[in-house]
């Protein structure tokens, strides 16, 4: 009888170790943090190219993987310096905005762009950063 209980206990333990997410949801997970969460370039000239660095940090306890970085407009590019971030480490996200990429009245005035960052953080699988400017 004791042997059966030991075997069942080992089987249950193995089951929970083998299934991702079966452990404590707040426990050993990657966790993404970005700073700043937004940036305003202020007033810029039409055709001006501006850049801003953001810091992506892994404040979790497992490796953070940046799976994809995308932007809301072809006038904006974003690239993470590293795609794999160890716990407690950080990397730079460089965002470049080309205010001359949009023609006509669409490219002038108040402009807001979004950068989408997808990762393996199970709580926040996608975060967003906003850049803004006034193009004259």
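Values in this text are rule-based calculations from the coordinates and carry no lab data. Keep in mind it's a predicted model, so treat the numbers as computed, not measured. Here the Cβ is made from the backbone with ideal geometry for all residues, glycine too, and neighbour counts use every protein chain on show.
Put simply, when 34-41, 101-108 are sorted by average Cβ atoms within 10 angstrom per residue, most first, you get 34-41, 101-108. Extents of the stretch 28-135, taken as max minus min of Cα coordinates on every principal axis and listed largest first, are 50, 17, 17 Å.
Note on residue 68 and residue 120: the model spin-label points, each 7 Å out from Cα along the C-beta direction, lie 1.7 nm apart.
Label reach from residue 33 (point 7 Å along Cα→C-beta): in the stretch 69-90, amide nitrogens under 12 Å belong to 88-90.
Between the stretch 26-98 and the stretch 108-136, what is the C-alpha centre distance in whole Å? Rounded to whole Å, the Cα centres lie 9 Å apart.
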